[in-house]
Structure formats: structure tokens, C-alpha cells
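> Before we start, here is the structure in question, set down as C-alpha cells.
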Amino acid sequence: MPIYVKAGAIVPLDPIRQYVDQKVDGPSRLLVFPGADGRFELYDDDGHSTGYSTGYMDGSDKDLLWLDITWSQQDKTLSIRPSPRMQRDQSRTKAFRIENIVSGRQVQVEFTGEPLRVGL
């Protein structure tokens, strides 16, 4: 079955889970569809609390990530950086496997809070 994806799209995928609280061992995948510049904001919370409904103003945001993820067609690079929505420095890390769908190139990286730029 064909799937139509806009050039420049960045599609996040998490490992398959059998239930909500199942521990995820593998990295999240970011599928990059080159052809144009692309951008999206990734929101990733702890997956079990209701802190998202209060905006995490109670200090329970230690597992919250807001990331700006952009694809530059000209440079053939994917950038990951903390979003301005982050209200404080975060200490959570997140592993990604980034895949360029056209070239087939894959790179595994770990976001540690510092801006990250990966050539694909």
C-alpha cells in the first residue's frame, strides 16, 4: 500500500510496545524524506503521569522533552535542539536512529541536551 509523504517530512517512530507502561529498550527512529527543508517539534513526556495536563508546573517535568528537529535540504543535515518551550535545562537523554529514506543512510545518535547536527 503506498504511503504519500511530503518532501522534507520528518516522521518519528517509537519501538513497538505491547502495553503503555512497557519499557522501551531501543532508540526512537526519525525517518527523513529529503527533497525540501523540513521541521517539526517533538514532545516526549514520561508516558504515564498526567503532568502534561497541568503543563508540568508542579516540577514533575524531569522526563519532559520538547525538541526542535529540522532538516536542511541544502546541507543534507538534520539538527536536533531543545525547543524554546522548555522551561528549564533538562537532563534527560534520548537515543535516535536517524534514517535518510532516499539514500538509505542511517546514523544512531544520543541527544544529551546540547544541540546536535547530523549529516545524512
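The values are calculated or read from the model by the stated rules, or taken from the named source; none is laboratory data. As the structure is a prediction and not an experimental result, all values here were calculated from the model. Backbone-built Cβ (ideal geometry, glycine too); neighbour counts: all protein chains shown.
> Any chance you could count how many residues in segment 69-100 are modelled with pLDDT of 95 or more and either assigned to a loop (DSSP other than H, G, I, E, B) or of a type in the set (D, E) (or both)?
5
> Still on this structure: Taking segment 93-115 on its own, how many of its residues are farther than 14 Å from I10 by Cα, in contact with a Phe, Trp or Tyr (Cβ under 9 Å, 6 or more places away or on another chain) and not aromatic (F, W, Y)?
Looking only at that region, the number is 7.
> Restricting the first residue to segment 8-23 and requiring it to be part of a loop (DSSP other than H, G, I, E, B), which pairs with a second residue that is among the aliphatic types (A, V, I, L, M) meet a Cβ separation below 6 Å and a spacing of at least six or different chains?
That search, which allows pairs on different chains as well, returns G8/A36; P15/V24.
> Scan Y43, Y56 and give me the residue that is modelled with pLDDT under 90 and assigned to a loop (DSSP other than H, G, I, E, B).
None of the others qualify; the one that does is Y56.
> Could you say which residue among D44, D37 is among the charged types (D, E, K, R) and over 23 Å from G119 (Cα atoms)?
Sole residue among the options that is among the charged types (D, E, K, R) and over 23 Å from G119 (Cα atoms): D44.
> Do you know which of the residues in segment 10-45 that are under 19 Å from Q108 (Cα atoms), of a type in the set (V, I, T) and more than 11 Å from the chain's Cα centre (by Cα) is surrounded by the most Cβ atoms within 10 Å (Cβ to Cβ)?
Out of the qualifying residues, it is V32.
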